[in-house]
Amino acid sequence: MNKALKRGFDFGSSLIACTLLLPVWLVIAVAIKIDSKGPVFFKQERRTKNGRIFRMLKFRSMIVNAENIGTGLFSYENDPRITRVGRFLRNTSLDELP
């Protein structure tokens, strides 16, 4: 019974949050597309603390194929691979929303 209640609460909360955040997501997606060519999202496989693999999804803040240029996945201050919109997204942590 507790699992069903928790599942219902989680689903309802997620539905409300997604509905409220949808306009923000759309503005970010349009800004990314205007600022640079390529997909809106950055996808990558990561490992959990238990070793399971999951697919991470973030708003793209760097140029396409940035992981194959320069320092790879690591960025640094004033990294030229970070787009103008990407810099704002990173400073506000909005790239983590998805």
Quiz prompt | Output for the range 51-98, where each listed residue is surrounded by 12 or more Cβ atoms within 10 Å (Cβ to Cβ) and acidic (Asp, Glu) | solution = Glu67, Asp79, Asp95, Glu96
Quiz item: Are any of the residues in the range 28-40 of a type outside the set (S, T, N, Q), in contact (Cβ under 8 Å) with a residue 60 or more places away in the chain and in a helix (DSSP H, G or I)?
Solution: yes
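Every residue, every condition in (1) under 13 Å from the mean Cα position of the chain (by Cα); (2) surrounded by 10 or more Cβ atoms within 10 Å (Cβ to Cβ); (3) within 20 Å of Asp95 (Cβ to Cβ); (4) at pLDDT 95 or above, yes or no:
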{"residue": "Leu15", "(1), (2), (3), (4)": "no, yes, no, yes"}
{"residue": "Val30", "(1), (2), (3), (4)": "no, yes, yes, yes"}
{"residue": "Gly38", "(1), (2), (3), (4)": "no, yes, yes, no"}
{"residue": "Lys49", "(1), (2), (3), (4)": "no, no, no, no"}
Practice problem: Give the residue, chosen from Phe59, Phe11, that is touching a helix residue (DSSP H, G or I) at 6+ places or on another chain (Cβ under 7 Å) and not acidic (Asp, Glu). | Solution: Phe59
Practice problem: List every residue pair whose Cβ atoms sit under 9 Å apart, with the two residues 6 or more apart in sequence or on different chains, where the first one lies in the range 46-70 and is at positive phi and the second, anywhere, is open to solvent by 70 Å² or more (accessible area, probe 1.4 Å). | Solution: Gly70/Tyr76; Gly70/Pro80
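Is it fair to say Phe74 is modelled with pLDDT of 90 or more and of a type in the set (Phe, Trp, Tyr)?
no
The values are calculated or read from the model by the stated rules, or taken from the named source; none is laboratory data. Since the model is a prediction, treat every value here as computed from it, not as a measurement. All Cβ positions, even for glycine, are placed from backbone atoms using ideal geometry, and neighbour counts span all protein chains on display. In case anyone asks, the SASA skips ligands and DNA or RNA and just uses the protein heavy atoms, side chains included. Shrake-Rupley method; radii C 1.70, N 1.55, O 1.52, S 1.80 Å.
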